[in-house]
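Coordinate-derived values only; no laboratory data. Remember, predicted model here, so these are calculated numbers, not experimental data. Here the Cβ is made from the backbone with ideal geometry for all residues, glycine too, and neighbour counts use every protein chain on show.
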Amino acid sequence: KGNEKLFSEQELAIIRMLVEEGQAHLFAAWPAPGEADADKRRLLQQLVLLDANYHGGLAAYIHNAKQLLADSKEGRNAFDGYTPSVPEGERLDFGSGRFLQLEGQGLEAAGKAAFVLVAGGLGERLGYQGIKVALPCESASGRCFLQLYIESILALQDASGAAAEGRRLPLAIMTSDDTHGRTEALLKKHSNFGMEEGQVVLIKQEKVPCLIDNDAHLALDPSDAYAVQTKPHGHGDVHGLLHRSGLTQQWQQQGLQWVCFFQDTNALVFRALLAALGLSAANDYDMNSLAVPRKAKEAIGAITRLTKADGSGAMTVNVEYNQLDPLLRSTINKDGDVNDESGWSPFPGNINQLVLKLSSYVPQLAATGGNISEFVNPKYKDATKTAFKSSTRLECMMQDYPKALPVDTKVGFTVVNQVWATYSPVKNSPADARAKAAEGNPTHSATTGEMDIYKANCEALMLMAGADVGSPQEGMYIGIPVEEWPRVVLSPSFAPCLAAVKDKVAQGSLLLAPRQDKVAQGSLLLAPKSVLLLEGRDISVKNLRVDGALVVRAVPGAKVVLDGLTVSNQGWSWTPIEKVDSPTLEEAIRGFRVIRNETLELVFDQPGDYIVPQPAAAAAAADEAPAAEVPGDEA
Ligand code: UGB
């Protein structure tokens, strides 16, 4: 009362609406007009913004919250009435004939695909303050996740033939207030990592108000009586944002057919995504989840077909692991979530890597506004479920998109049986990772995220080119167990798909000798592994032996053939963090620093034809020292 003259009609309308919705507490402690007027206006402006950002406004948010909080209190299950079964899909072996066939189809489809990276989350669980996409995905090249993703898309643009037809493959990145500025700055600093202006677009998600009780009273910020406390609404916002930004319609008008979604820290996604895209194209899937094999009771969601007995509903959707067991027990299996005779859960594990078909996605977004079914996860003080330990909020998840789809929509999955080829995200802090390792679970740490890249590349070289990479060794960094393979980095331009490795590396032509462990006179552990970095589209390998470190960088058009090159040097060491001075945070969370003792680095910065070593030089070197390093003159 008495404040009316201070505010605009819009601000007064929001006060009236909120008071009607039982939110008078937001304004109850306001002092008389003339006091704290700027602060009052600040709160109202925030409320206007929150109202505009939620579909249906704050009134709808409060109604939805009341309903979901009541369901949660009553313990109502969203899947009541549904019978689960294993959905349609295909399981593939990495590098098998079928995998390569689908990959080929996927490469063609990739030429008409758009890509969406959800990167609104901060690395709180990881114990990292920066944005996760700026973290190096591995230390050998130092390439950050965002660079890897963009280079992968550009490599597909090239290899699919889209570039030749004048098509650029777009990338949309969903950011949040927590990540937006830093993502923008990272792209600017690196000139979009090679993407053209406008090819990469940021869409920012907004937070939603927190709730203090089952009546959905909005929470004031504990440290600011003139601000509503807010928290992220979840990655499900991506669908509404794509719709409202007009991007999806634009992509369709440009003749694109597919949209591929991926998470911020899974460096392996582009190793398996093409096979999923190929299966989507072959089976005409409206939605396809690239998934991993799942062990029963593993803390990973399960992709499940759910059908109502009366035929009134059916969907293929992710069921979180804590909901799966009770659902199975109450329906088809009294033992709940158990492995089948294969030793695995029959339900694929969700990793939120999705392929959607644009021609059905666009009308679906138009029909629903891109709104995704929400949930609430209050932490109650006690069993009466009447009070919360801390404020909560509504959330939504991108994988819940199929919940609103018509019954006849084709939703499938693509499992790659080898998890190491598909999924090794960087999500957990070293302490959490150690706890997970102790329970025998994947650690999803920065340490394994890096080591699994080397492993996947070594496996690719073995499978596609019969390379000899020695046997992996057991390793341990900051208490996190790892498999140590030679440190192989194949740039996206060198290996946009697995088949490219077959084309560029001759059968049996490559030997990567793991060096013997040796301890130098000081405290450092030296070079237990060989290092091979191939950075460039037109590099090929005919005959190569590496015992140490070799880096080859070649610009497009520099056709480099490594034919008869033998490298022997001290290489690099992944030195345990306990033995290095002043580690950076990036080094501390992975548990090592890379020390580059000795490297043969060959740089080809001009187009041309190069054979390394040059035949004459190789012959001369062979006369003098059998294991000499002999790069071509141009290098
Ligand atoms: N993200 C956003 O962009 N905005 C948000 O508001 C929240 C997240 P998390 P989560 O990989 O094993 C998911 O936090 O939510 C981005 C699936 O739901 O890393 O715990 C964020 O930046 C789960 O079913 O994962 O779990 C990141 O890129 C399972 O697949 C992405 O969303 C699980 O991932 C995921 O965010 C998993």
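Grab the Cα-Cα distance for residue 231 and residue 578, subtract it from 0.36 nm times how many residues apart they are, and report the gain in nm with one decimal.
Additional length available on full extension: 121.2 nm.
Report, in whole Å, the centroid distance computed from the Cα atoms of region 552-598 and region 157-184.
Region 552-598 and region 157-184 have Cα centres spaced 28 Å from each other.
Starting from the Cα of residue 385, draw a straight line to each of the aspartates and glutamates and keep only those under 18 Å, dropping any in the same chain fewer than 8 residues away.
Residue 385 reaches 71, 74, 213, 215.
In region 171-217, if the dipole is taken from +1 on Lys/Arg beta carbons and -1 on Asp/Glu beta carbons about the Cα centre, which of 210, 186, 171 is farthest to the positive end?
186
Listed highest first by mean packing, meaning other Cβ atoms within 10 Å per residue, what order do 214-225, 75-86, 445-456 come in?
Final packing ranking: 445-456, 214-225, 75-86.
Tell me whether region 49-148 comes out rounded, prolate or oblate; compute the Cα gyration tensor, take square roots of the eigenvalues as a ≥ b ≥ c, and use a/c under 1.5 as the rounded threshold.
On the way: a/c = 2.21, a/b = 1.37, b/c = 1.61.
It comes out oblate by the Cα gyration axes.
Using only the Cα atoms, work out Rg/Rh for the chain, with Rh taken as the Kirkwood radius, to two decimals.
That ratio equals 1.01.
Per DSSP H run of n ≥ 4, the term is -39500 (n - 2.57); total these for the chain, divide by its residue number, and report the mean residue ellipticity at 222 nm rounded to 500 deg cm²/dmol.
-9000 deg cm²/dmol
Sorting check: for 321-330, 131-140, 270-279, 295-304, which peptide has the highest mean count of neighbouring beta carbons within 10 Å, and how do the rest follow?
270-279, 131-140, 295-304, 321-330
What nm distance separates the two modelled labels at residue 221 and residue 462, each placed 7 Å from Cα along Cα→Cβ?
A separation of 5.3 nm, rounded to one decimal place.
Determine the gain in length on full extension of the stretch residue 542-residue 91; use 0.36 nm per residue of separation and subtract their C-alpha separation, reporting nm with one decimal.
Using 0.36 nm per residue and subtracting the Cα-Cα distance, I get 159.1 nm.
Go ahead and run the numbers for FRET between residue 124 and residue 1, Cβ-Cβ distance against an R0 of 51 Å, rounding to 0.05.
It comes to 0.75.
Where Rh denotes the Kirkwood radius from the mean inverse Cα pair distance, what is Rg over Rh for region 191-285?
1.11
Pull out the extension gain between residue 340 and residue 244, defined as 0.36 nm times the separation in residues minus the alpha carbon to alpha carbon distance; nm, one decimal.
30.2 nm
Which aspartates and glutamates have a Cα lying under 15 Å from the Cα of residue 455, excluding residues fewer than 8 positions away in the same chain?
Answer for residue 455, where 15 Å is the Cα cut-off: 138, 468, 474, 483, 484, listed by chain and number.
Leaving out same-chain residues fewer than 8 places away, which aspartates and glutamates sit with a Cα under 18 Å from that of residue 410?
Once the sequence-local aspartates and glutamates are set aside, what remains near residue 410 is 88, 90, 284, 286, 400.
Could you work out how far apart the two model spin labels at residue 309 and residue 410 are, taking each label as a point 7 Å from the Cα in the direction of the beta carbon, and quote it in nm?
Label at residue 309, label at residue 410, 3.2 nm between them.
Can you tell me the 0 to 90 degree angle between the C-alpha axis of helix 358-368 and the longest principal axis of the chain, rounded to 10?
Taking Cα atoms only, the helix is inclined about 20 degrees.
Go through 73/334; 231/357; 357/436; 132/204; 188/403; 189/529 and tell me which ones have a Cα-Cα distance over 28 Å in this structure.
From 73/334; 231/357; 357/436; 132/204; 188/403; 189/529, over 28 Å: 231/357; 357/436; 188/403; 189/529.
Of 407, 388, 417, which is farthest along the charge dipole of region 372-423 in the positive direction, counting Lys and Arg as +1 and Asp and Glu as -1 at C-beta?
Checked the options; the winner is 388.
Mind putting a number on the dipole of the chain about its Cα centre? Charges go on the C-beta only, +1 for Lys and Arg and -1 for Asp and Glu, and I need it in Debye to the nearest 20. Walk me through the intermediate numbers first.
On the way: 59 positive and 77 negative charges, 159 e Å.
The calculated dipole for the chain is roughly 760 debye.
Which FRET efficiency, nearest 0.05, do residue 598 and residue 108 yield, Cβ-Cβ r, R0 51 Å?
For residue 598 and residue 108, the calculated efficiency is 0.75.
If one computes the Cα centroid of region 260-281 and of region 427-468, what distance in Å separates the two points?
18 Å
Quick check: Cα centre of region 85-125 to Cα centre of region 328-374, how many Å?
Here the answer is 15 Å between Cα centres.
In terms of the Cα gyration tensor, with a ≥ b ≥ c the square roots of its eigenvalues, is region 196-249 rounded because a/c is under 1.5, prolate because a/b exceeds b/c, or oblate?
Judged from the Cα gyration tensor, region 196-249 comes out prolate (a/c at least 1.5, a/b above b/c).
Towards the positive end of the charge dipole of region 1-147, with charges on Cβ (+1 Lys, Arg; -1 Asp, Glu), say which of 122, 25, 69 has the farthest Cα.
Of the candidates, 122 comes out farthest on the positive side.
What's the ranking of 112-122, 587-597, 187-197 by average number of surrounding C-beta atoms within 10 Å, highest first? Don't skip to the answer; put the middle values down first.
Values: 112-122: 23.7, 587-597: 20.5, 187-197: 13.5.
Ranking the peptides 112-122, 587-597, 187-197 by packing returns 112-122, 587-597, 187-197.
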